[in-house]
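To start, the structure itself, in structure tokens.
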Amino acid sequence: MTDPWQVLGLSPGASLTDARAARRRLAKQLHPDVNGARRPEERADLERRMTIVNEALAAVVAVISTRGASPAPRSGAPESGGSVAPEPRGPGGRPAVAAGADDDTFCIEALPVRAFEALFVVAYGLGEILDEDEPYGLDLYLPVPNPCFCHVGLVPEAGGSIITVSVSAAEGADPPPVVAVRELLVAELDALVAR
């Protein structure tokens, strides 16, 4: 494959949000269903090019996720420069996204209805929503970091929601580590709230 950063039109220091935006921009140009390609050879060419874009995004996401391999300090924990890292925010602007005790969970300080709405928006941008059980679950197909099926469950917990993530293989590929999918969802939720 060619340089994934070049495929997406990004510099190697780009963020996950930048990478997702670049993929969405390219998908608007290249996706056969959006582009209106009618002839089989046009569709095949666009599908091939869209596959290259999706593979580039997967490669870039893998690099970006390894950049953040060591957890960032939480609010109240000084960074090396002595400043305080901001607390992640969630729906309603309250402290919201924090790693759970397990690799497959995280918390959102929003009741399941609000948490579900935020996850629905994020899931819609990441892949394809296969089924929904509002406000307690979503079944998704995610093309990145590896093609996989993902179930996201929401459970009310003391004014917030505990989110559980499970993944299974799709398209004969090995499923990505559940922690990679969880971190992708957390990053996208953080980006959604920052807008």
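The values are calculated or read from the model by the stated rules, or taken from the named source; none is laboratory data. Since we're looking at a predicted model, the values are computed, not measured. Cβ atoms come from the backbone with ideal geometry, glycine included; neighbour counts cover every protein chain shown.
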Qualifying residue in the stretch 84-102 (condition: within 16 Å of the chain's Cα centre (by Cα), buried (at least 19 other Cβ atoms within 10 Å of the Cβ) and modelled with pLDDT of 85 or more): no
Some residue of the stretch 136-156 being under 17 Å from L189 (Cβ atoms), at pLDDT below 85 and over 14 Å from the mean Cα position of the chain (by Cα): no
Pair list, Cβ under 6 Å, 6 or more apart: the stretch 4-18 residue in contact (Cβ under 8 Å) with a residue 24 or more places away in the chain, other residue part of a helix (DSSP H, G or I) and of a type in the set (F, W, Y): P12/W5
Output for the stretch 146-162, where each listed residue is surrounded by fewer than 21 Cβ atoms within 10 Å (Cβ to Cβ) and of a type outside the set (S, T, N, Q): P147, F149, H151, G153, V155, P156, E157, A158, G159, I162
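So which of V186, V144, V152 ends up being free of Cβ contacts under 8 Å to residues at least 60 places away in the same chain, outside the structural domain of V53 (by TED's automatic domain parsing) and among the hydrophobic types (A, V, I, L, M, F, W, C)? Show your work before the answer.
Values: V186 fails: free of Cβ contacts under 8 Å to residues at least 60 places away in the same chain; V144 fails: free of Cβ contacts under 8 Å to residues at least 60 places away in the same chain.
Among V186, V144, V152, only V152 is free of Cβ contacts under 8 Å to residues at least 60 places away in the same chain, outside the structural domain of V53 (by TED's automatic domain parsing) and among the hydrophobic types (A, V, I, L, M, F, W, C).
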Output for the stretch 162-188, where each listed residue is at pLDDT 85 or above, out of contact with any Asp or Glu (no Cβ under 8 Å at 6 or more places or on another chain) and part of a strand (DSSP E or B): I162, I163, V167, S168
Output for the stretch 114-138, where each listed residue is in a strand (DSSP E or B) and surrounded by 16 or more Cβ atoms within 10 Å (Cβ to Cβ): E132, G137, L138
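Filter the stretch 119-141 for residues that are under 16 Å from A173 (Cβ atoms) and either free of Cβ contacts under 8 Å to residues at least 24 places away in the same chain or touching a helix residue (DSSP H, G or I) at 6+ places or on another chain (Cβ under 8 Å) (or both) and give the result.
Just the residues of the stretch 119-141 that are under 16 Å from A173 (Cβ atoms), to begin with: 127-128, 140-141.
Within the stretch 119-141, G127, E128, L140 meet the criteria.
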Residue that is modelled with the lowest pLDDT [pool: residues in the stretch 1-47 that are within 17 Å of the chain's Cα centre (by Cα) and among the hydroxyl-bearing types (S, T, Y)]: T17
